[in-house]
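Structure, as structure tokens:
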Amino acid sequence: MTNQAMTHFKSQVFLILDALPQGECIAYGELAKQAGFPGYARQIGQLMKNLPKDTKLPWHRVVNSQRRISFAENTDAYLRQKARLKQEGWVIVGNKLTVNEKSTRK
């Protein structure tokens, strides 16, 4: 991917992610598709992984297609993502999001 294409990719992903409402989650592949880059789920994962720790983007709302947290259980990143999702009302069993108790879209 050229620098210009990478810049476009990042800006599209960040725009969509920033607009994702609290309590909603999106899969890596779906985020890539909505950004206009179908098939770039792994690149979304790398982009989320490399965000600065103090980012205001809701990176924690990006999960895999099985609605699971992709980080290895009990790692720092896993625990941070799980805590943020729980704050938004998600019930998590193991590493899988089951239901959002605060969501109006049940």
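Just in region 16-86: which GluC sites (Glu not before Pro) are loop by DSSP and have at most 13 other Cβ atoms within 10 Å? Mind dumping the intermediate values first?
Working: sites: Glu24, Glu30, Glu73; in loops: Glu24, Glu73.
Hits after loop and neighbour filter: Glu24, Glu73.
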Cleavage-rule hits (chymotrypsin sites (Phe, Trp or Tyr not before Pro)) in region 33-106: DSSP loop, at most 16 neighbouring Cβ within 10 angstrom
Phe71
Spread of Cα-to-Cα distances over 10 Å intervals beginning at zero, given as percent, for region 40-93:
22, 61, 17
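How many percent of the accessible area of the chain is carbon or sulfur, using a 1.4 Å probe?
On the way: 3350 of 6710 Å².
On the chain, the fraction of accessible area on carbon and sulfur atoms equals 50 percent.
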For the chain, report the accessible area per residue in Å² (1.4 Å probe, heavy atoms, rounded to an integer).
63 Å²
Between region 1-35 and region 55-80, how far is it from one alpha carbon centroid to the other, in angstrom?
16 Å
On a straight-distance basis, which aspartates and glutamates could pair with Lys53 in a cross-link, Cα separation under 13 angstrom, same-chain partners fewer than 8 positions away excluded?
Asp76
Measuring from the lowest to the highest alpha carbon on each principal axis, how far does the chain reach, largest first, in angstroms?
41, 30, 25
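Would you mind working out the magnitude of the charge dipole of the chain relative to its Cα centre, with +1 at each Lys and Arg C-beta and -1 at each Asp and Glu C-beta, to the nearest 20 Debye?
Details: 17 positive and 8 negative charges, 34 e Å.
In total the dipole reaches around 160 debye.
The values are calculated or read from the model by the stated rules, or taken from the named source; none is laboratory data. These figures come from a predicted structure and were not determined experimentally. Glycine also receives a Cβ, built like all others from the backbone with ideal geometry; neighbour counts cover every protein chain displayed. Only protein heavy atoms, including side chains, enter the accessible area calculation; ligands, DNA and RNA are left aside. Shrake-Rupley method; radii C 1.70, N 1.55, O 1.52, S 1.80 Å.
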